[in-house]
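This report concerns only the one structure given below.
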Amino acid sequence: MNSTQVSTPARTATITWRLATVAGVVAETPRARTLLLDVPGWPGHRAGQHVDVRLTAEDGYQAQRSYSIASAPQDGQLALTVERLDDGEVSPYLTDVLSVGDRLELRGPIGGYFVWDVALGGPLLLVAGGSGIVPLMAMLRHRKAALEIGDVRARHNVPARLLYSSRRWADVIYRSELTRLAQDDETLDVALTLTREAPPEWTGFRRRIDRMMLAEVAWPPGERPHVFVCGPTPLVEAAAAALVELGHDPALVKTERFGPTGEQR
Amino acid sequence: MNGDELRASERQSVDEPAGEAERLDGNAAAGILSEVFVPDLTTARATCANCGAIRVLGALLVYAHGMGTVMRCPSCDAVVLRIARTRAQLWLDLTGAKLVVMPTAAAPSAA
């Protein structure tokens, strides 16, 4: 177990449902979009946390799902990036129907385990598959904001590396922002892998994340990076197992499995 | 429709095969646990009653079923915690946890 002490915002009651208002929507990929939300009374969050979203039909039927927070704690609005699952009960509503001014029931922030902030230090190694990038993006945005204001805890300029797997270039969520972040910050490396289809000029990885790729991208285990792996369950388990085989301390490898593709009932 | 234990079932997978698909992390149970506990239980340490391994709940394995959420020890696979919601009640079984040490609201949590 890692002994680093982290201050968690103190919660004094169980988490309650709040009514958020959609203040903006941003198309990220053909299937994913970001909802910018105003949430009255929002207590603040840490990068990596999620919210539960609840939809209620006219007949009272409720459907509930969890979505990772994409925004940094420093950002003014709460951002959720949602990828549409065609047979999903909740996500098509969030990606296709919900509009500016609409309201949405949510509770959070939830989960203090899969979180990182600059006080935890680095190096920081992020491994994402598909929309698993979302909570990791919150960490990168938080890190950037902390560096910009010269946060004393970020003085050593916590170096970060991201390895991000997508099917094809058009599916890479936040691709312009990631490119910009990496260009502007020599202590951040972004490595993308495209598993299904790549543009002709593509020079990045062209296969699923494997042990060799992780050995190439990750810091040596001796550097004791904080590792966060998020994505579909098979990808997360393969990457986490490979990292431990490479010698990384299992206590420093935190995982967030998204579970199966497809709706369950 | 299960509830919040179904973290991510809505999210699009990349093209990995979906075997072992229902296994999630302890973090996925954070929502339903927050209905009962004020401290964040995903950073609480639980001692497995079967093998004695001590893990934070966020590092346990979560199996989400329609009937409820089961949290298992990653060392020995024994059930550590079960929680389920019915229309008017919430069921919590902690017999698989010999001890749970949770951060209080006033204290910093160990990550």
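The values are calculated or read from the model by the stated rules, or taken from the named source; none is laboratory data. Everything numeric in this text was worked out from a predicted model, so none of it was measured. Heads up, the Cβs are rebuilt from the backbone with ideal geometry, glycines too, and the neighbour counts pull from every protein chain shown.
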What are the residues in region B:1-45 that are within 26 Å of A:THR56 (Cβ to Cβ) and at pLDDT below 50, if any?
B:MET1, B:ASN2, B:GLY3, B:ASP4, B:GLU5, B:LEU6, B:ARG7, B:ALA8, B:SER9, B:GLU10, B:ARG11, B:GLN12
Qualifying positions in region A:194-215 - without any contact (Cβ under 8 Å) to a residue 24 or more places away in the chain and either assigned to a helix (DSSP H, G or I) or closer than 24 Å to A:LEU252 by Cα (or both)
A:MET212
Within region A:104-147, the residues that are away from every other protein chain (no Cβ under 13 Å), more than 14 Å from A:LEU80 (Cβ to Cβ) and either of a type in the set (D, E, K, R) or over 17 Å from the mean Cα position of the chain (by Cα) (or both) are A:GLY122, A:PRO123, A:ARG143, A:LYS144, A:ALA146, A:LEU147
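When you go through A:ASP210, A:ASP171 one by one, which is the residue that is more than 30 Å from A:LEU35 (Cβ to Cβ) and within 13 Å of chain B (Cβ to nearest Cβ)?
Details: A:ASP171 fails: more than 30 Å from A:LEU35 (Cβ to Cβ).
Step by step, each of A:ASP210, A:ASP171 is checked, and only A:ASP210 is more than 30 Å from A:LEU35 (Cβ to Cβ) and within 13 Å of chain B (Cβ to nearest Cβ).
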For A:ARG161, indicate whether it is over 22 Å from A:PRO221 (Cα atoms) and of a type in the set (D, E, K, R).
no
Restricting region A:46-71 to residues that are within 21 Å of A:ALA128 (Cα to Cα) and in a loop (DSSP other than H, G, I, E, B), the one farthest from the chain's Cα centre (by Cα) turns out to be A:ARG46
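For region B:62-80, how many residues are of a type outside the set (S, T, N, Q) and in contact with an Asp or Glu (Cβ under 7 Å, 6 or more places away or on another chain)?
First, the residues of region B:62-80 that are of a type outside the set (S, T, N, Q): B:62-68, B:70-74, B:76-80.
After this cut, where a residue has to be in contact with an Asp or Glu (Cβ under 7 Å, 6 or more places away or on another chain) as well, the list is B:62-64.
The qualifying residues number 3.
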I want to confirm something. Restricting to region B:95-104 and keeping residues that are closer than 16 Å to B:VAL36 by Cα and surrounded by fewer than 15 Cβ atoms within 10 Å (Cβ to Cβ), which single residue is modelled with the lowest pLDDT?
B:THR104
Conditions (1) in a strand (DSSP E or B); (2) closer than 20 Å to A:LYS254 by Cα -> B:PRO74 fails only (1)
Here is a check on your reading of the model: is A:ALA191 surrounded by fewer than 20 Cβ atoms within 10 Å (Cβ to Cβ) and either on the phi < 0 side of the Ramachandran plot or part of a loop (DSSP other than H, G, I, E, B) (or both)?
yes
A:LEU85 vs (1) of a type in the set (A, V, I, L, M, F, W, C); (2) in contact with a strand residue (DSSP E or B) (Cβ under 9 Å, 6 or more places away or on another chain); (3) crowded, with 21+ Cβ neighbours inside 10 Å: all pass except (2)
Looking at (1) modelled with pLDDT of 95 or more; (2) assigned to a loop (DSSP other than H, G, I, E, B); (3) out of contact with any Cys (no Cβ under 9 Å at 6 or more places or on another chain), which one does A:GLN74 not meet, given that it meets all the others?
(1)
Out of everything in region B:59-83 that is modelled with pLDDT of 90 or more and more than 11 Å from the chain's Cα centre (by Cα), what residue ends up being nearest to the other protein chains (Cβ to nearest Cβ)?
B:PRO74
